[in-house]
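Student: Before I ask anything, here is the structure I am working with.
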């Protein structure tokens, strides 16, 4: 890759793949939030908006590291296929599970072999946030399948997103600091 610091080509390719994935997830979740809101599932819409913001933070972090390695992060945003909110939640969960089980562990392993601490940091932050997203999507799916629209998925609610690493929580002041990057809790963004 032209401009990339020698020895970092594979890491940069992984960062660019992660940047594209996170950028497209941001677009998908933003569209899914609109559909959930139209369906009267305001809590699910809040979750999609929070996850979209988190993915935007991950993409920016990955782009910043690519730039530090001498490259430029660009990608194509694909057309979003919006289905029912349940199908959208399942698609989102599938995407998160892929990142948790396959993508980020592989990217982390390669970055660790190169002792690339800036790539390790951005991949770790994204991976930990994706775990929270997967848990929340799984909970939303269970509630929706169980016919519990009067639960949190039906009412707009606040989610809290770390502006540094994208960690996402459904509870206020879960910790004094982000459990992933140590950012002070009072700096978290409130997404409804």
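A short reminder: the numbers here are calculations on the coordinates, not readings from a lab. The shown structure was predicted, so the numbers you read here are calculated from the model rather than taken from an experiment. No Cβ is skipped: glycine too gets one built from the backbone with ideal geometry, and neighbour counts run over all protein chains shown.
Student: With labels modelled as points extended 7 Å from the Cα through the Cβ direction, what inter-label distance (nm, one decimal) is found for residue 158 paired with residue 109?
Tutor: Computed distance between label sites residue 158 and residue 109 equals 4.1 nm.
Student: Just from its helices, what would the mean residue ellipticity at 222 nm be for the chain, if runs of 4 or more DSSP H residues each count -39500 (n - 2.57) and the sum is divided by every residue, rounded to the nearest 500 deg cm²/dmol?
Tutor: -20000 deg cm²/dmol
Student: As a footprinting exposure proxy, order 107, 19 by other Cβ within 10 Å, with the fewest listed first.
Tutor: Ordered from fewest to most neighbouring Cβ atoms within 10 Å, 107, 19 come out as 19, 107.
Student: Take the chain, connect every pair of alpha-carbon atoms lying under 10 Å apart with a spring to form a Gaussian network, then pick out the residue of 62, 133, 78 with the largest mean-square fluctuation.
Tutor: The residue that fluctuates most here is 78.
Student: How far is it, in nm, from the label point at residue 118 to the one at residue 98 when both lie 7 Å from their Cα along the line to the Cβ?
Tutor: 2.8 nm
Student: Also, I was wondering about something else. I want to make sure I understand the PRE zone here: with the label point 7 angstrom from the Cα of residue 17 toward its beta carbon, which residues in region 112-143 have backbone N atoms less than 20 Å away?
Tutor: 112-131
Student: For region 9-154, what log10 I(q)/I(0) values come out of the Debye formula at q = 0.10, 0.15, 0.20 1/Å, with one point per alpha carbon and no solvent?
Tutor: For region 9-154 at q = 0.10, 0.15, 0.20 Å⁻¹, log10 I(q)/I(0) is -0.35, -0.71, -1.10.
Student: Continuing with the same structure: Quick one: order 47, 127 by neighbouring beta-carbon count within 10 Å, fewest to most.
Tutor: 127, 47
Student: Would you mind computing, in nm to one decimal, how far apart the modelled labels at residue 34 and residue 67 are, each placed 7 Å from Cα along Cα→Cβ?
Tutor: Those two pseudo-labels are separated by 2.8 nm.
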